[in-house]
1. What is the packing order of peptides B:4-10, B:45-51, taking the mean over residues of other C-beta atoms within 10 Å and listing the highest first?
2. Pick out, from B:Pro5, A:Thr297, B:Ala120, the residue whose Cα sits farthest towards the positive end of the charge dipole of the protein assembly as shown, with +1 on the Cβ of Lys and Arg and -1 on the Cβ of Asp and Glu.
3. Calculate the mean, over all residues of peptide B:70-82, of how many other protein chain Cβ atoms lie within 10 angstrom of the residue's Cβ.
4. Have a look at A:Ala328, A:Ala310, A:Ala181 and tell me which one the Gaussian network model of chain A (Cα, springs below 10 Å) gives the largest fluctuation.
5. Using only the alpha-carbon atoms, how far is helix A:45-75 inclined from the longest principal axis of chain A? Give it as 0 to 90 degrees, nearest 10.
6. Cα extents of the protein assembly as shown along the three principal axes, largest first, in whole Å?
7. With chain B treated as a Gaussian network of Cα nodes joined by springs under 10 Å, which of B:Val128, B:Val162, B:Val219 yields the largest mean-square fluctuation?
8. So in the protein assembly as shown, what percent of DSSP beta bridges are antiparallel if you round to the nearest 5?
Amino acid sequence: MRAGIAAQALRAHRWAFVGPASTQLVAAVVLSATLTVQVSVDGAPELSEMLTAFALIAVYLTILLVGVTMNAAIAQQARDVALLRAVGATPGRIRRAVAVEAAVVAVPAGIAGYLLGLLAGWAWLGTLVDHGLAPAGARFTPEPLLLAPILGILVVTSTVGALIAAVRPARARPAIALADAATRRPRFTAVRLGLGLLLVAGGVTLSVSIADLAADAADDAALFVMLALCVGVGLLGPFVLRSAIAVGRPLLALAGGTGRLAADNVAVLSRALSGALVPLVLAVAFAAVKVAVHSTTTHVTGRTGPAAEAWLDYSGTAVYCLFAAVAAVNTLATVVVGRRRDLALLGLAGATRGRVLAVVVCEAGIVTVTGLVLAAGVAGVTLVPMVHTALGTWTPYVPPSTLAAGVLATAAVVAAGTVLPAALLTRRPPIGQVG
Amino acid sequence: MDDTPVVADGLGRRYGSRLWALREVSLAVPAGQFVAVMGATGSGKSTLLHCLAGLDRPTAGRVRLAGRDITRLREAALTRLRRDRAGFVFQSYNLLSTLTVARNVLLPARLGGPRVGPAALAAMLDAVGLGGLGDRPVGELSGGQRQRVAVARALITRPAVVFADEPTGALDPATGGQVLRLLRAAVERDGMTVVMVSHDPLAAAHSDRLLLLREGRLVGDTRTPDASSISALLAVAA
Ligand SMILES: Nc1ncnc2c1ncn2[C@@H]1O[C@H](COP(=O)(O)OP(=O)(O)O)[C@@H](O)[C@H]1O
Ligand SMILES: [Mg+2]
């Protein structure tokens, strides 16, 4: 295989691919379950239509989330890519190696996910029948042919996400690429800024313009509002994170050297962390919008929707949020794994393991707060026109206890992607990690 | 066709809109010469080496490498030229630490460069004092051993020219001396050309010719004197 040794060098960083592989596994489970159940309830047109919408959302999320995690994994390998370029790997060979690697990760994850998805779909169909949403006669019908489109979606998005990350390291002059990798200078190009602003502006415009649509159509379009805003936020991430640090610095200084170090680290990592902001903000905003639509309706009208329908709506949302949360944890963990050397160097410079972890906890705090603020913004932009049209109010309502639970859940997701891997990586003495 | 290994003509390099890191540098390095490039930190030594080696592109002037004008060469063609005709040793981060010694040495060949047989590989590992260590992951080696792996990788394709950026910068004097003697031996034995950046007069003393840079300009070009005279020259240049 022409990509041989370069692909082998990428593959040697096996930890770097745990994140993308598990995200792809979850993606395949979600796709396989929704599509199989959709096929199984053929006789119930209304439910079938709803499930088609579910499956479509799952496809969009897969494209975005698989792309983001794979992108983060390849971005962490910029140093090796630069070295390979210096000693003779052409840009084309790097791209081939990256594409091969991304595809190789996707195939087993896709097959395993498809099979697990059959199990999940079977259980799900049972619950749908129990809730009286699916006809009692609906029979679970696994469809082997579904494996092909699922694998296709995974392989293509995995490869595209990886290739986007490889554009610059593959094409850059090796001297520049090595310097980039060594300094990890956050690059914030005009293209990125322009694209980010365009998506955010597009999301806001779309949200305002769909306010007058019928509820069903508005619901579908609201997804695109959120996707546009989240990707936009991800593109603007380096700028957003550095602004967040500038604003929060006095507060962080209260934590002394630990806080300052955490602020500096987040600034340096701002580009890598932006990738993680996309799924994180998406998960939180998605949950917030769904919860707020139901709770605002109850709050304003004093009426609750039909329980079975609300259950379906909530369970679907829970699945997507879980999916996005898995992607967020994976992207964050990929970033942490990529900096194990830096963490070890902190240890060598005299920081105890507790101190190193305290720095990581501080960083997690910065990411959590930034993510929550952004998610509140995204949810607000999506919600306000929606509830204003439907209920005539400008202020969405969420019960305080739900809000608190959401904040805690977000912090837990961020901690699972940062503090947990850092704790695992710092278990061994630092000197072994530095070479 | 002129196949002088390295020729630069009016070379200049500017980073962003800052001052020129390299300015109006012209030089030619004939085959079989060991050149040392010296100067203060930030004087443009690495920038010069990168431009000469085709790892970076100059903002002004032209560069010829192994007889080919690389100034306008497309990236893929330039990469192939580097892979087949040039070798590199950097100060640090030279190797893919997850691969074995042998795989690192074979990288240029595996990336499509000149073929290397098992006998040639074994001979090269012996020559750099790494005989029998081919299957060890480089992550397990000492700094000096790693730098010898890097030298072996640079020499294995029998390139026309080897570029080295402070190859002994991270090594103790004894280990550094071994690495320099390896480069010197390649010049003597195979007529290889070496362009080496260093700020250590003892390292530079292994060379035939000394280039001095100051603020990006070439301010000295002489036969290499002994180490103490080099120190004196450096003091004057700074
Ligand atoms: N990638 C880069 N981006 C911006 N400036 C750089 C870059 N590399 C080097 N420079 C600047 O160019 C000048 C020369 O650097 P360099 O060639 O590395 O010096 P030397 O190797 O002699 O220490 C320095 O002022 C340095 O700050
Ligand atoms: Mg230098």
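Readers should treat all values here as calculations from the given coordinates under stated rules, not as data from a laboratory. Given the structure is predicted, the values throughout are model-derived calculations rather than measurements. In this analysis, Cβ positions are derived from the backbone assuming ideal geometry, glycine residues included, and neighbour counts consider all displayed protein chains.
1. With the highest mean Cβ count within 10 Å placed first, the list reads B:45-51, B:4-10.
2. Looking along the dipole axis, the top candidate is B:Pro5.
3. 3
4. Maximum among the listed residues: A:Ala310.
5. Tilt of helix A:45-75: around 10 degrees.
6. 94, 54, 48
7. Greatest mean-square fluctuation among the candidates belongs to B:Val219.
8. About 55 percent, rounded to the nearest 5.
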